[in-house]
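Where a number appears in this text, it was derived from the coordinates with a stated rule and is not lab data. Computed from a predicted model, the values in this text were never measured in an experiment.
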Amino acid sequence: MNTAGTSLIKTAYLGTGGIDLIYGLKFDKAGFPYVMGTSTGSWPIINATFSNPGSKQFISKLQPDLSAYVYSTVFGSASTQPNISPIAFMVDRCENVYVSGWGGGINSNQGYSSGNTMGMPAVNPLGPAFAPNDGQDFYFFVMQRDAQSQLFGTTFGQSGGLGDHVDGGTSRFDENGVIY
């Protein structure tokens, strides 16, 4: 949009033949847009060293003019549906990407189709007292700049019960990568 917010300058379509939901949009310090979300389709993997093929959570970095992907990748466990409902998203000053979300539990209990956190990749995970992973937990994820590797991945939550849950928009990362 223009700076007055009165007209469109450029638009783009991102998606697959499945159900695609963008949960987050962030810009890095150079003005490159990043999108994060979930898809029931096959999200494209482009210019990414890191990916978990067949996964249903995606992160894509676009050219500032929206003309092409800089990179696009997927993360999670290979499944037919998204593992998590994403709730926080950030791109830090080094262009590392942070995502948090929750899976299983309350959605499944209410009869909604929902994935879970079982099989989500653990990299430098929190200790077992914080990350029991009963499939109904929060999942925290950090990907290295330019989709080079996964720097961090862990579940977090209680063991048993209805599961861990927070509504979207109530969690945030600060500029240092701390989640609240």
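Tabulated data for the structure shown
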item: Whole-Hz couplings from phi, Karplus 6.51/-1.76/1.60, listed for segment 89-97; x for Gly and Pro; result: 8, 7, 10, 7, 5, 9, 6, 6, 10
item: Those aspartates and glutamates that a straight Cα-Cα span of less than 19 Å connects to Lys61, excepting residues fewer than 8 apart in one chain; result: Asp20, Asp28, Asp92, Glu95, Asp146, Glu175
item: Hz values of 3J(HN,Hα) by residue in segment 142-154 - Karplus curve (6.51, -1.76, 1.60), Gly and Pro given as x; result: 10, 10, 5, 2, 6, 6, 7, 6, 8, 8, 7, x, 7
item: Gyration tensor over alpha-carbon atoms, segment 13-87, equivalent ellipsoid semi-axes in Å; result: 20, 12, 11
item: Candidate lysines - alpha carbon under 19 Å from Lys56, same-chain residues fewer than 8 apart omitted; result: none
item: Reach of Lys10 by Cα under 18 Å, taken over aspartates and glutamates that are not fewer than 8 positions away in the same chain; result: Asp65
item: Alpha carbon convex hull of the chain, projected area averaged over orientations, nm²; result: 10.8 nm²
